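I have placed the structure first, in the form of C-alpha cells, so that the comments after it can refer back to it.
The values are calculated or read from the model by the stated rules, or taken from the named source; none is laboratory data. In this text the structure is predicted, and so the values were computed from the model without any measurement. Note that each Cβ is placed from the backbone with ideal geometry, even for glycine, and that neighbours are counted across all protein chains shown.
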Amino acid sequence: MASAMEAPVEVPGRASERASVSRRRLRSGLLFGALAVLLVAGVIASAGVGQLTVSVTEVIGALLRGIGIDTPWAPASEITYEALWQIRFPRVAMSLLVGAALAVAGAVMQAVFGNPLAEPGVVGVSSGAALGAALGIVSGGVLAGVVGTASMAFIGGVGATLLVYVMARAGGRTEVVTLLLTGIAVNAFAGAGLALVIFVGDSAAREQIVFWQLGSLNGSRWNEVAVVAVFAVASSAIAFALARRYDLLALGERTAGHLGLRVERLRIVSIILVAVLTGAAVAFAGIISFVGLVVPHAVRMVLGPAHKLLLTGSLLGGAVLLVWADLFARTAVTGAELPIGLLTSLIGGPFFFYLLRRARSRQGGWA
Amino acid sequence: MSHTPQPDAPAAASAVAEPPAPVLPPAFHADRVGVSIGPATLVEDVSIDVAHGELVALVGPNGAGKSTLLSVLAGDRAPSSGAVAFDNRDVRDWTPGDLARRRAVLAQDNQVAFPFRVWEVVEMGRAPWQGHPEADDDEEAIAQALTTCDVAHLTERTFTSLSGGERARVSLARVLAQRTRAVLLDEPTAALDLKHQEDVLRVARSLAHDGVAVAVVLHDLSLAAAYADHVAVMERGRLAALGSPADVLTSALIERVYGLPVHVLDGPDGTPLVLPRR
C-alpha cells in the first residue's frame with residue numbers, strides 16, 4: 001500500500017486539467033494584456049483630449065518631467081504643462097482610483113453575500129452616502145465644504161452598508177429577494193431623507209446636492225486624490241490577502257467553517273472593507289452606480305470565479321471603465337459635461353436587468 | 001481506492017503488523033448531549049462514542065435529530081446540555097483551523113455560490129493544510145480523492161452544471177481531499193444511484209479500516225447494516241438503540257421507531273436486510 005502511495009497518481013482528470021490550465025492561462029493573459037493596453041491608452045487619451053488638446057507625446061513628456069525625467073517630448077508651453085498637472089492628471093488619477101475601488105468593493109460584496117447581484121449601489125450603500133453628503137451640504141459651516149461633504153458621505157455609506165448586512169442575512173446566506181428588498185427599503189429610506197433635506201435646504205444647496213448625486217470627477221485635486229488613494233489602496237490590499245478565503249466562502253458559511261475559516265470575522269472585516277472602498281469612491285466623486293456590478297461579473301465570465309484573479313481583473317477593469325467613461329462624459333457633448341454617474345447607470349441598468357433575468361432562469365426562481 | 005490518513009496516523013502501519021485492530025481512544029465522545037431551540041427539543045440525552053477505525057451509522061426517521069447530533073459532533077452547534085469531546089478535548093475549544101485538520105464534514109446540502117470548477121472545489125478541501133508541510137501532498141490528495149469518488153472525468157466542469165448525484169460525489173471528494181482522522185457524513189448517499197451508494201459506503205468502510213473515525217447519517221437500513229460497525233437508531237431526539245447491526249436492527253425496534261411493519265431477513269452475505277412489509 002505504501003509503495004502505491006508514492007507512485008505519482010495519474011488520473012484521467014489530470015490531462016484535461018493540464019490542457020485547460022494552459023487554455024485558461026492564455027485567456028487570462030489576453031484579458032490582462034487588453035486591460036493594460038486600454039488602461040495606458042485611456043490615461044493618455046483622457047489627459048490629452050479636451051478643450052485644450054494636447055498631443056500624445058506631450059502628455060508622456062509632461063508625465064516624465066513631473067517625475068523628474070526631462071525629455072524632448074515635454075510640452076514647450078508652461079501653460080500646457082500646468083494644465084495637465086493641475087487639472088487633467090488628478091482627474092485621470094481620481095477616475096482610476098474610483099473605478100478600481102468600486103469594482104473591488106463589488107467583488108468583495110458579492111463574495112460575502114455569496115450572490116452575484118450584490119452591489120453597493122443596488123443595495124443602497126450609495127444612497128446612504130448621498131444622504132450623508134446632502135446633510136453635510138445643507139448643514140452649512142464646516143460640513144458644507146468638500147472635505148466635510150466627503151466625510152459625511154463616507155459615514156452615510158458605512159452606515160448603510162452595516163444596515164444592509166444586518167438586515168439581509170438569514171441563516172448564513174442571502175437570497176436575492178431579501179437582498180433586493182433590503183436594497184429597496186434602504187433606498188426608499190435614504191430617498192425620503194434626501195427629499196426632506198432638499199425640501200429644507202436653500203436653492204444653492206439643492207443644486208449642489210443634485211449635482212453631487214449625479215456623480216462627477218470634475219475639479220478633482222491632488223489632495224483629494226491622495227485621501228482616496230490611501231483608503232482604496234489599503235482596503236484593496238487587504239481584500240487581496242483574503243482572496244483564497246473568499247473562495248471557501250462560496251461553499252456556504254457552514255462548510256467554509258468546517259474548512260477552518262473564521263467566517264464571522266471574515267464577513268465583518270469584508271463589510272468594513274466594502275464600506276470604506278465605496279465610501280472613499282463616492283465621497284468626492286458622487287454616486288457612480290453599477291461599476292461594482294458590471295465589472296466583477298464581466299471578469300468572472302472570462303476568468304472564472306476564483307477570487308485572486310477576479311479581484312485583480314476587477315481592479316484593472318474598474319479603472320479602465322471609469323477612465324474611458326470619464327473621457328466620454330467630458331467630450332460627448334461640446335461645451336458641457338455629462339454626469340458620469342448617469343453614464344454608468346445608463347449601461348449598468350439594462351445589464352442588471354439582464355443578470356436578474358438570467359439568475360431567475362438558471363435557478364428556476366428568485367432564490 | 002484506499003484512503004491515506006495523514007502521517008500522524010499510526011493505524012495503517014500497525015494494522016499490517018498485527019491484524020486485530022488496535023484499541024484506539026474514541027475520536028468523538030458525546031456525553032448526555034441535548035439540543036433545544038426554544039420549546040423544541042431536537043436532541044435529548046444522547047451518549048455515543050465514535051472510535052478511530054470505526055464506522056458508525058446514524059439512522060432514524062425524518063426529524064429524529066440525526067443531522068442535529070452530527071452538527072453537535074462537528075462542533076457547529078453548542079449543545080444545550082451535556083458535552084462533546086473530540087480527541088480528548090471539548091470540541092468547541094478547538095480552533096477552527098486545528099479542527100479542520102482533524103475532522104472533515106460533508107453537509108447534507110452542498111451548494112457552491114459561483115461557477116467554480118470541480119477541480120477548484122476539491123482543492124478547497126486542502127485549504128486547512130495551507131502553510132503546513134502536508135500542503136506538499138495537495139496534488140496527490142486531490143487526484144486520489146477525485147478517483148476514489150469517480151469524478152476525475154468532471155474536473156473541468158463547473159460545479160453548478162453538475163447533476164445532484166455528481167455534486168454529492170464531488171463534495172465527498174472535497175471531504176476526502178481534506179485527509180482528516182475523523183469524518184462526519186450527513187446523508188452522503190441521498191442523491192446517488194445504486195452503484196455510487198455502494199461506492200460511497202465502501203469508501204467510508206476503507207477509511208475506517210485505515211483508522212479514521214467515521215460517522216454517517218443514512219436512511220437505507222440495509223446499507224447501514226452491511227457497512228457499519230455500530231448502528232445508532234434515533235427516535236424523536238433520543239437514542240433508541242446503539243449496537244452492532246444484527247443486535248439493533250430487529251423488526252420490533254424498527255416497527256416501533258418508524259411506525260411501519262418490516263421484514264428483517266438474513267441476507268446472502270449474513271448481514272440483515274430490512275424490507276417494508278407490503
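Can you tell me which residue in region B:127-149 is nearest to A:Val108 (Cα to Cα), limited to those that are more than 7 Å from chain A (Cβ to nearest Cβ) and either surrounded by 22 or more Cβ atoms within 10 Å (Cβ to Cβ) or touching a Phe, Trp or Tyr at 6+ places or on another chain (Cβ under 6 Å) (or both)?
At the first step, the residues of region B:127-149 found to be more than 7 Å from chain A (Cβ to nearest Cβ) are B:129-139, B:141-142, B:145, B:148-149.
Next cut, either surrounded by 22 or more Cβ atoms within 10 Å (Cβ to Cβ) or touching a Phe, Trp or Tyr at 6+ places or on another chain (Cβ under 6 Å) (or both) only: B:129, B:135, B:141-142, B:145, B:148-149.
On the way: B:Trp129: 24, B:Ala135: 27, B:Ala141: 30, B:Ile142: 27, B:Ala145: 30, B:Thr148: 35, B:Cys149: 32 Å.
This residue is B:Trp129.
Are any residues in region A:247-262 in contact (Cβ under 8 Å) with a residue 60 or more places away in the chain, on the phi < 0 side of the Ramachandran plot and touching a Lys or Arg at 6+ places or on another chain (Cβ under 9 Å), and if so, which ones? First the steps, then the outcome.
We begin by selecting, within region A:247-262, every residue in contact (Cβ under 8 Å) with a residue 60 or more places away in the chain; these are A:247, A:249-250, A:252-254.
Those still in the list that are on the phi < 0 side of the Ramachandran plot too: A:247, A:249-250, A:253-254.
A:Asp247, A:Leu249, A:Glu253 - these are the residues of region A:247-262 that are in contact (Cβ under 8 Å) with a residue 60 or more places away in the chain, on the phi < 0 side of the Ramachandran plot and touching a Lys or Arg at 6+ places or on another chain (Cβ under 9 Å).
Of the residues A:Gly114, A:Gly157, A:Gly121, which is buried (at least 18 other Cβ atoms within 10 Å of the Cβ) and either free of Cβ contacts under 8 Å to residues at least 24 places away in the same chain or within 14 Å of chain B (Cβ to nearest Cβ) (or both)? I'd like the intermediate steps shown before the answer.
On the way: A:Gly157 fails: either free of Cβ contacts under 8 Å to residues at least 24 places away in the same chain or within 14 Å of chain B (Cβ to nearest Cβ) (or both); A:Gly121 fails: either free of Cβ contacts under 8 Å to residues at least 24 places away in the same chain or within 14 Å of chain B (Cβ to nearest Cβ) (or both).
On inspection, the qualifying residue turns out to be A:Gly114.
For B:Gly211, state whether it is under 18 Å from the mean Cα position of the chain (by Cα) and either modelled with pLDDT of 90 or more or part of a loop (DSSP other than H, G, I, E, B) (or both). Walk me through how you get there before you give the answer.
On the way: under 18 Å from the mean Cα position of the chain (by Cα): yes; either modelled with pLDDT of 90 or more or part of a loop (DSSP other than H, G, I, E, B) (or both): yes.
Answer is yes for this residue.
If B:Ala104 satisfies all but one of (1) assigned to a helix (DSSP H, G or I); (2) surrounded by 24 or more Cβ atoms within 10 Å (Cβ to Cβ); (3) within 8 Å of chain A (Cβ to nearest Cβ), what's the number of the condition it fails?
For B:Ala104, the failing item is (1).
Give the residue, chosen from B:Leu207, B:Leu176, B:Leu201, B:Leu172, that is closer than 23 Å to B:Leu58 by Cα, crowded, with 19+ Cβ neighbours inside 10 Å, more than 8 Å from chain A (Cβ to nearest Cβ) and in contact with a Phe, Trp or Tyr (Cβ under 9 Å, 6 or more places away or on another chain). Explain how you work it out, then say what you get.
Values: B:Leu207 fails: in contact with a Phe, Trp or Tyr (Cβ under 9 Å, 6 or more places away or on another chain); B:Leu176 fails: in contact with a Phe, Trp or Tyr (Cβ under 9 Å, 6 or more places away or on another chain); B:Leu172 fails: in contact with a Phe, Trp or Tyr (Cβ under 9 Å, 6 or more places away or on another chain).
Of B:Leu207, B:Leu176, B:Leu201, B:Leu172, the one residue that is closer than 23 Å to B:Leu58 by Cα, crowded, with 19+ Cβ neighbours inside 10 Å, more than 8 Å from chain A (Cβ to nearest Cβ) and in contact with a Phe, Trp or Tyr (Cβ under 9 Å, 6 or more places away or on another chain) is B:Leu201.
Just give me the residues in region A:134-148 being in contact with a Leu (Cβ under 7 Å, 6 or more places away or on another chain) and of a type outside the set (A, V, I, L, M, F, W, C), in sequence order. Working first, answer last.
Restricting attention to region A:134-148, the residues satisfying the condition of being in contact with a Leu (Cβ under 7 Å, 6 or more places away or on another chain) are A:134, A:136.
Hit for region A:134-148 is A:Gly136, nothing else.
Are there helices (runs of 4 or more DSSP H) fully within region A:249-367 with at least 1 residues that are among the polar types (S, T, N, Q)? List them. Write out each step before concluding.
Working: elements: A:253-258, A:263-285, A:291-303, A:307-331, A:340-363.
In region A:249-367, the matching helices (runs of 4 or more DSSP H) lie at A:253-258, A:263-285, A:307-331, A:340-363.
Here are the criteria: (1) modelled with pLDDT of 95 or more; (2) buried (at least 19 other Cβ atoms within 10 Å of the Cβ); (3) of a type in the set (Gly, Ala, Ser). Tell me which single one A:Gly252 does not satisfy.
So A:Gly252 meets the others, but not (1).
If B:Ala78 passes every condition in (1) within 14 Å of chain A (Cβ to nearest Cβ); (2) among the small types (Gly, Ala, Ser); (3) part of a strand (DSSP E or B); (4) surrounded by fewer than 19 Cβ atoms within 10 Å (Cβ to Cβ) but one, which one does it miss?
(3)
Going through region B:226-278 one residue at a time, which ones are surrounded by 14 or more Cβ atoms within 10 Å (Cβ to Cβ), among the small types (Gly, Ala, Ser) and closer than 20 Å to B:Leu69 by Cα?
Answer for region B:226-278, where residues must be surrounded by 14 or more Cβ atoms within 10 Å (Cβ to Cβ), among the small types (Gly, Ala, Ser) and closer than 20 Å to B:Leu69 by Cα: B:Ala228, B:Ala232, B:Gly237, B:Ala240, B:Ala241.
Does B:Pro115 satisfy the condition of being over 30 Å from B:Asn62 (Cα atoms), at the interface with chain A (Cβ under 7 Å from one of its Cβ atoms), in contact with a strand residue (DSSP E or B) (Cβ under 8 Å, 6 or more places away or on another chain) and touching a residue at least 40 places away in the same chain (Cβ under 8 Å)?
Working: over 30 Å from B:Asn62 (Cα atoms): yes; at the interface with chain A (Cβ under 7 Å from one of its Cβ atoms): yes; in contact with a strand residue (DSSP E or B) (Cβ under 8 Å, 6 or more places away or on another chain): yes; touching a residue at least 40 places away in the same chain (Cβ under 8 Å): yes.
Taking the combined requirement at face value, the residue satisfies it.
Any residue at all in region B:55-62 that is more than 9 Å from chain A (Cβ to nearest Cβ) and surrounded by fewer than 19 Cβ atoms within 10 Å (Cβ to Cβ)? Walk me through how you get there before you give the answer.
Within region B:55-62, the subset more than 9 Å from chain A (Cβ to nearest Cβ) is B:55-62.
Now drop any that are not surrounded by fewer than 19 Cβ atoms within 10 Å (Cβ to Cβ), which leaves B:61-62.
Yes, because at least one residue in region B:55-62 is more than 9 Å from chain A (Cβ to nearest Cβ) and surrounded by fewer than 19 Cβ atoms within 10 Å (Cβ to Cβ).
Collect the residues in region A:104-129 that are of a type in the set (A, V, I, L, M, F, W, C), out of contact with any Pro (no Cβ under 6 Å at 6 or more places or on another chain) and assigned to a helix (DSSP H, G or I), keeping them in residue-number order. Outline the logic, then answer.
Looking only at region A:104-129, we keep the residues that are of a type in the set (A, V, I, L, M, F, W, C), and these are A:104-105, A:107-109, A:111-113, A:117-118, A:122-123, A:125, A:129.
Of the ones still in play, those that are also out of contact with any Pro (no Cβ under 6 Å at 6 or more places or on another chain) are A:104, A:108-109, A:111-113, A:117-118, A:122-123, A:125, A:129.
A:Val104, A:Val108, A:Met109, A:Ala111, A:Val112, A:Phe113, A:Val125, A:Ala129, listed by residue number.
Please tell me if B:Asp90 is within 13 Å of chain A (Cβ to nearest Cβ) and not β-branched (Val, Ile, Thr). Even if it seems obvious, please write down each step before you answer.
Numbers: within 13 Å of chain A (Cβ to nearest Cβ): no; not β-branched (Val, Ile, Thr): yes.
No: the conditions fail for B:Asp90.
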